[in-house]
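J.: Dropping a structure here in structure tokens format, bear with me for questions.
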Amino acid sequence: MSDPSYSLSDFDYELPEALIAQEPAERREQSRLMVVSRTTGDIIHESFARIGRYLSAGDCIVVNDTKVIPARLTGRKESLSTGGAKIELFLLKERSRGVWEALIRPAKRVAAGGRILFAGGELAARVEEVLPDGARLVTFDKPVERYLDAIGQVPLPPYIRRSLNDPRSAHDRERYQTVYAKRPGAVAAPTAGLHFSESLIGELGRAGVGHVAVTLHVGYGTFKPVEARDIRDHRIHTEAYDVSPQAAAAINAARASGGRLCAVGTTAARVLETVADSAGAVCARSGETGIFIYPPYRFKAVDMLLTNFHLPRSSLLMMVSAFAGHGLIRRAYREAVEQQYRFFSYGDAMLIV
């Protein structure tokens, strides 16, 4: 039997379906904020607009500036007859120029060698092979990026249930994106950052709180549940990241002057912990990270963590448990359910100090 601290069942909890947020708050900073203290165990209920009360001059918030691409494409299978079968293609990750890993639905309709046509035939994708995890490797005949804004749809998480014709879908292109998103490449949003408005970031800056961007292109694997009974057997998806020399210098300067680093989301935390040395100094670097953080883990660079409420049995829940302590997070989640916080991507936030 595995050590209980590594048991998947320890990271499960009961969540009423009604608490899964289906749309964002009317205004970004209107979300609720649960503040959890690691030193005292206190839990405070706040409005996100008042997050500045828990940050000090000299602190630095580290955000993920990845930009969600409209990764859901609807096309038709190329057919000798008119009107090929309708096919949905979900872009996952660009392997090389014009070559993407993608999900196809219905998968059985398009075998290796088959082609899918988009934009009335202006754009075509050829299925090269079926990958071991069931995804497909596809090659586009033209740069797909040129077409995404016109034919792509925002790839909402599977637990946000509505059709593309739903009137709320028109707002997702703006709201399922942080206000500081700059570098296209994600197929899921770094959702802790969705609560920040430009005015709130400005307010924090005037109070002396720094703001530095790193990049991690969030993949669809972020929604993949952990299935291994012993969580140490789980292998996390890899994602591309980048920390510029300017970002590394600003982060290290903030730490050197006594400021705390507040990672905005588990994605920013994964980047910082990937590039930090044993003393917590951050290196400028880019590459792919598959870092999987679970209890017990000693964080090297992150002093505070801002995050949303995560799915049961997810690697993200394991990370926040590593940061705050498993028992404290279980208690915080029970209280969040009792207080009817809104959960997951469009839900409320938690600040762990």
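The values are calculated or read from the model by the stated rules, or taken from the named source; none is laboratory data. Everything numeric in this text was worked out from a predicted model, so none of it was measured. Ideal geometry is used to build each Cβ from the backbone, glycine not excepted, and the neighbour counts take in all protein chains shown.
J.: Step by step: first the residues of the range 1-57, then only those that are part of a loop (DSSP other than H, G, I, E, B) and of a type in the set (V, I, T), then the one that is surrounded by the fewest Cβ atoms within 10 Å (Cβ to Cβ). Which residue is that?
T.: In this case the residue turns out to be T39.
J.: Is it the case that some residue within the range 70-78 is out of contact with any strand residue (DSSP E or B) (no Cβ under 6 Å at 6 or more places or on another chain) and charged (D, E, K, R)? Give the steps one after another, and end with the answer.
T.: Step one: filter the range 70-78 for residues out of contact with any strand residue (DSSP E or B) (no Cβ under 6 Å at 6 or more places or on another chain), giving none.
Scanning the range 70-78 turns up no residue that is out of contact with any strand residue (DSSP E or B) (no Cβ under 6 Å at 6 or more places or on another chain) and charged (D, E, K, R).
J.: Now for a different question. Read through the list (1) in contact with a Lys or Arg (Cβ under 8 Å, 6 or more places away or on another chain); (2) in a helix (DSSP H, G or I), then give the number of the only condition that A250 fails.
T.: Status for A250: all satisfied but (1).
J.: Please verify whether the range 106-126 includes one or more residues that are in contact (Cβ under 8 Å) with a residue 12 or more places away in the chain and either assigned by TED's automatic domain parsing to the domain that holds G221 or under 23 Å from the mean Cα position of the chain (by Cα) (or both).
T.: no
J.: Here is a further query. Name the single residue, out of those in the range 183-225 being farther than 19 Å from A269 by Cα and not in a helix (DSSP H, G or I), that is modelled with the lowest pLDDT.
T.: Per the criteria, the residue is P225.
J.: I've got another one for you. Condition test on A279, is it assigned to a helix (DSSP H, G or I) and in the same structural domain as S345 (by TED's automatic domain parsing)?
T.: On the way: assigned to a helix (DSSP H, G or I): no; in the same structural domain as S345 (by TED's automatic domain parsing): yes.
So A279 fails the test.
Residue by residue, here is whether (1) in contact (Cβ under 8 Å) with a residue 60 or more places away in the chain; (2) in contact with a helix residue (DSSP H, G or I) (Cβ under 8 Å, 6 or more places away or on another chain) holds:
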site	(1), (2)
C283	no, yes
F292	no, yes
P295	yes, yes
P312	yes, yes
A324	yes, yes
E335	yes, no
Y346	yes, yes
A349	yes, yes
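J.: Any idea how many residues of the range 324-350 are over 16 Å from the mean Cα position of the chain (by Cα) and either closer than 19 Å to R32 by Cβ or crowded, with 23+ Cβ neighbours inside 10 Å (or both)?
T.: 15
J.: Can you tell me which of D133, D149, D166 is of a type in the set (D, E), touching a residue at least 24 places away in the same chain (Cβ under 8 Å) and not assigned by TED's automatic domain parsing to the domain that holds A18?
T.: D149
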